[in-house]
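Below is one structure, written out as structure tokens, with a few remarks after it.
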Amino acid sequence: MTDRTPGPYGTPDSHGTPGLYSTPGPYSTSGPYGTEADAPATARGGSRRNVLFGAAAVSAGALLSACTSNQRSDASAGATQQQAGGADDKPGKKVTIGFAGPQADHGWLNAINQNARNRAKRYRDVTLDITEGSNDTAQQIGQIETLINKRVDVLVILPADGKALTQVGLKAMRAGIPVVNLDRVFASPQAYRCWIGGDNYGMGLNAGRYIGEQLKDKPDAKVVELAGIDTLELTRERTKGFDDALKNYPNIRKVGRQAAEFTVESGQAKMAGLLQAHPSFDALWNHDDDQGVGAERAIEQAGRDGFLMVGGAGSRRVMETIKAGTSVLKATVLYPPTMSASAVDLARALAQGRGISGTAELEIPASVTLYSAVVTKDNVDDYLPTGFN
């Protein structure tokens, strides 16, 4: 698997050092999990994901909200001129966006729904028809078919299971309703017009880079990893990115790994096992801030410190802990639930025949991969507004 971050190490960090772990603007990333269900490996990189927004691109939220008013009939020079002018939130043709996601049984997924609602409210020309959400495949298919029958202008779908919902995505596209596929990818690119989502490999990569830089001068440094569900592709990609990053630091060894289940209870139990098996280590990477609640309990109960902890997701609780500076928790790597707000931006542009500001194209891109920034005490105030509960 290749490094999909811009440049050899991504983008400059908050200290101006080229490459290590970037700090985009406050909208660019924020949270990790739209992927508790498994997704094919093609969901994480490859030719279909031809747009990668890192810090230099500001953010999907900021950039995609800059949907310009250029229409297909504009001359190329005129369209480019309009796009270069920045955001244009002036009302256009009224559109109805159907939004279907899984059940909000996790902090990140709840933030997905709320970000979509909040984004739609800022547009006078957008009506958001949002389903109740379900983790039952048949029920979610039924909800999407209802939206198709309503003849919404465009659909935004975060499938509970990308493979299982591919056919209903194809059904919408064949009915002339374009689909914005959010995070968990469909099995066929014919089932969506645009994909937008996070980068699990990049999440692990940046966690490893951050830890590597903190420990690069420590001889024989040891790290442990508290992963998510190992049967999920997303977990394997996060671990792969983490391991690839650590290869750049020959003084660091990963000495332990446990897979939890993205729950507080599993995080506590698996972290207790790691602590018992490893009397000392220098850093811990936890894939998920929600299971991290349990991990922190286990650490406190064991009376352990003397190491740094990096979380994954971007919860508000974790960001506030980082800001306080009173814990082993020093950073979290983001997986942005703001992607749903950007999906609404894309859907609006798609239904109105617009492109996006900052590019010379008259169409929205085929794919958008968000950047997994690292939030530390130095930049946490920028990201706190995006932290989820």
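The values are calculated or read from the model by the stated rules, or taken from the named source; none is laboratory data. In this text, all values refer to a predicted model and were calculated from it rather than measured experimentally. So basically every Cβ, Gly included, is an ideal-geometry build from the backbone, and we count neighbours across all protein chains shown. The area values use the complete protein model at the heavy-atom level, side chains included, leaving out ligands, DNA and RNA. Shrake-Rupley method; radii C 1.70, N 1.55, O 1.52, S 1.80 Å.
Here are the numbers for the structure shown:
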| item | result |
| --- | --- |
| Strands (runs of 3 or more DSSP E) enclosed by segment 143-229 - at least 1 residues per element that are in contact with a strand residue (DSSP E or B) (Cβ under 8 Å, 6 or more places away or on another chain) and over 18 Å from residue 368 (Cβ atoms) | 221-227 |
| All positions within segment 230-255 that are outside any helix (DSSP H, G or I) and surrounded by 16 or more Cβ atoms within 10 Å (Cβ to Cβ) | 232, 249, 252, 254, 255 |
| Test: residue 356 is more than 23 Å from residue 241 (Cβ to Cβ) and touching a strand residue (DSSP E or B) at 6+ places or on another chain (Cβ under 6 Å) | yes |
| Residue in segment 278-288 that is aromatic (Phe, Trp, Tyr), at pLDDT 95 or above and either open to solvent by less than 40 Å² (accessible area, probe 1.4 Å) or on the phi > 0 side of the Ramachandran plot (or both) present | yes |
| Subset of segment 115-142 [over 17 Å from residue 183 (Cβ atoms) and part of a loop (DSSP other than H, G, I, E, B)] | 122, 123, 124, 125, 132, 136 |
| Residue identified as among the small types (Gly, Ala, Ser), under 18 Å from residue 233 (Cβ atoms), in contact with a Gly (Cβ under 7 Å, 6 or more places away or on another chain) and open to solvent by 20 Å² or more (accessible area, probe 1.4 Å) among 187, 164, 104 | 187 |
| The lone exception for residue 114 - which of (1) within 28 Å of residue 375 (Cβ to Cβ); (2) open to solvent by 10 Å² or more (accessible area, probe 1.4 Å); (3) in contact with a Leu (Cβ under 6 Å, 6 or more places away or on another chain) it fails | (3) |
| Qualifying positions in segment 307-346 - modelled with pLDDT of 95 or more and at positive phi | 325 |
| Condition broken by residue 297, with the remaining ones in (1) crowded, with 20+ Cβ neighbours inside 10 Å; (2) modelled with pLDDT of 95 or more satisfied | (1) |
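Quick grid of which residues meet (1) in contact (Cβ under 8 Å) with a residue 12 or more places away in the chain; (2) farther than 16 Å from residue 342 by Cα:
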{"position": "103", "(1), (2)": "yes, yes"}
{"position": "115", "(1), (2)": "yes, no"}
{"position": "129", "(1), (2)": "yes, yes"}
{"position": "136", "(1), (2)": "yes, yes"}
{"position": "142", "(1), (2)": "no, yes"}
{"position": "155", "(1), (2)": "yes, no"}
